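What follows is a short report on a single structure.
The values are calculated or read from the model by the stated rules, or taken from the named source; none is laboratory data. Here the structure is a predicted model, which is why all the values come from computation and not from measurement. A quick note on method: Cβ atoms are made from the backbone with ideal geometry, for glycine too, and the neighbour counts reach across all protein chains shown. The accessibility values were calculated without ligands, DNA or RNA, using every heavy atom of the protein model including side chains. Shrake-Rupley method; radii C 1.70, N 1.55, O 1.52, S 1.80 Å.
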Amino acid sequence: MRLFLPYALLASCFMTAPAFAIDLPAQPPADRPLNEFVTSVEKDGSITFRLFAPSAKAVSVVLGANAPVEMKRAESGVWSARTDALKPNLYEYYFNIDGFRSIDTGTNYPKPQRQVNTSLILVPGSILDVRDVPHGELRLVTIPSKALKSQRATYVYTPPGYTDASEPLPVMYLYHGFGDTVASWVAQGRAPQILDNLLAEKKIEPMIVVIPDTEADIPEAIAENFPGAERRKNFYPINADAIDRELVEDLIPYMKEHYKVRDDADGRAVVGLSQGGYQSLVSGLTHLGTFGWVATFSGVTTTTVPNKAVDAALADPDKLNKTLRDLTVTVGTKDVVTGKDIAGLKTILDEKKIVHDYVEYKDLGHEMDVWRPSFEAYLQKVFRK
């Protein structure tokens, strides 16, 4: 009886307190087509943002890193604003509704985040499109992690034509950034589409791409439990160590057991963006005999988050140069989040004469317009050099 009493009391409160009742949100009228009330991409590549919010007092839309744009309200209760024609790309945006940040509830394309507050929209015409080409298979598998004592969701991309009888393929482990989820490289990074399209153009080698979660979510390292100001000091080191253990103790053995993969350093890469870029440095440089290819896209580095194993590897340039097939570092020239991290790493690499590829993306910040092109470019050299 005690189990059901709280629910009965709660139901009673709703049924016996009409003074607190409020109206449900308004819905678009049923005698009008829904496309008059939702966001759409126009034929010229412009976007018409629409939000049905008849009771709102003020609504604006924020597209990417641009300034908010005021939206106009029609008699139908629809707020709208139209952009100029945009180049083909995947864009981020959100609405400001009377001071409340909101996703676009009229679409089915939210940005994968631990706290969802942004939507995505695709203007077609680029390598991010789903084209009429052979497609690889994307599986969401649940991998038991002994290192983390949990069940871990992980994406595995296998190229078109892959079977259990295939020749062993090289493997890339691809990590997302802080605040994102295991689905980020899939939904926002468009990794499957980029891989499919580059393979169809014969610009890359067939490979398997493993997309784990960059967050360990162990009791001592849950991102939301740390103030932002203390994150790099207290959260990143613990989380990176845990994810490294998961990678070496769980993920790599799982892939060897369940897929036809190469088991040599030259056939294994670790890549990441932002926080995931820090992870790629930690795992890649700690285990030089395990990974031959390492890439960090706008990554956090030991400039702000020290790591003894990474420092030791950087202090032995001869070994690093002999062991790694490639070390790639990319960053936007206006990156205020990890720009100093990358600058510090670049200084060490230059001073120690550590062989690396360094690419700057002019006038770009901490954003996908750096990371997707970085991924596209890296795919075209990894496992080939």
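In whole angstrom, how far apart do the alpha carbon centroids of the stretch 230-265 and the stretch 270-294 sit? The distance from the Cα centre of the stretch 230-265 to that of the stretch 270-294 comes to 9 Å.
Can you give me the Kirkwood hydrodynamic radius for the stretch 184-250, using every pair of distinct Cα atoms, in Å to one decimal? Final number for the Kirkwood radius of the stretch 184-250 is 14.3 Å.
Rounded, prolate or oblate, given the Cα gyration tensor of the stretch 85-241, with a/c below 1.5 counting as rounded? Note, shape of the stretch 85-241 comes out oblate.
Once Rg and the Kirkwood radius are both taken over the C-alpha atoms of the stretch 219-303, their ratio Rg/Rh works out to 1.02. Here's the picture: charge each Lys and Arg Cβ at +1 and each Asp and Glu Cβ at -1 in the stretch 132-279, and of 278, 229, 154 the one pushed furthest to the positive end of that dipole is 229. Each peptide in 248-254, 180-186, 83-89 was scored by the mean count of other Cβ atoms within 10 Å over its residues; highest first, the order is 180-186, 248-254, 83-89.
Short-range pairs are left out: with C-alpha atoms under 8 Å and at least six residues apart, the relative contact order of the stretch 231-309 is 32 percent. One quarter of the surface of the convex hull around the alpha-carbon atoms of the stretch 68-127 equals 5.4 nm², the direction-averaged projected area. Give the shape of the stretch 108-192 as rounded, prolate or oblate, defined through the alpha-carbon gyration tensor: a ≥ b ≥ c are the square roots of its eigenvalues, a/c under 1.5 means rounded, and otherwise the shape is prolate if a/b is larger than b/c and oblate if not. Oblate shape, in that a/c is at least 1.5 and b/c is the bigger or equal ratio. Taking other residues whose beta carbon is less than 15 angstrom from the beta carbon of residue 234, and scoring Lys, Arg as +1 and Asp, Glu as -1, yields -2. The stretch 299-374 and the stretch 143-204 have Cα centres spaced 23 Å apart. Rolling a 1.4 Å probe over the protein heavy atoms gives the chain an accessible area of 50 Å² per residue. Think of the chain as having a plus end and a minus end, set by charges on the Cβ of Lys, Arg, Asp and Glu; of 143, 117, 238, 238 sits farthest toward the positive end of this dipole. For the chain, the calculated P(r), taken from all Cα-Cα distances in 10 Å bins from zero up to the bin holding the longest distance, is 5, 21, 28, 23, 14, 8, 2, 0 percent.
Normalised by 2.2 N^0.38 Å, where N counts its residues, the alpha-carbon radius of gyration of the stretch 330-385 equals 1.19.
So for the stretch 288-385, what percent of the C-alpha to C-alpha distances run longer than 16 Å? Counting every Cα pair in the stretch 288-385, those more than 16 Å apart make up 56 percent.
For the stretch 140-179, the share of alpha carbon pairs falling in successive 10 Å distance bins from zero is 21, 43, 30, 7 percent.
Among the listed pairs 146/340; 233/353; 202/340; 146/260; 308/340; 322/381, those whose Cα-Cα separation exceeds 26 Å are 146/340; 233/353; 202/340. With the dipole of the stretch 287-385 worked out from charges on the C-beta (+1 for Lys and Arg, -1 for Asp and Glu) around the Cα centre, which of 337, 295, 324 lies farthest toward the positive end? Result: 324.
For the stretch 174-331, evaluate the Debye formula with one uniform point scatterer on each Cα (no solvent term) and list log10 I(q)/I(0) at q = 0.15, 0.17 Å⁻¹, rounded to two decimals. Debye curve over Cα of the stretch 174-331, log10 I(q)/I(0) at q = 0.15, 0.17 Å⁻¹: -0.82, -1.06. The HN-Hα couplings worked out from phi for the stretch 185-190 by the Karplus form 6.51 cos²θ - 1.76 cosθ + 1.60 (θ = phi - 60°) are 5, 7, 7, 9, x, 6 Hz, whole numbers, x standing for Gly and Pro.
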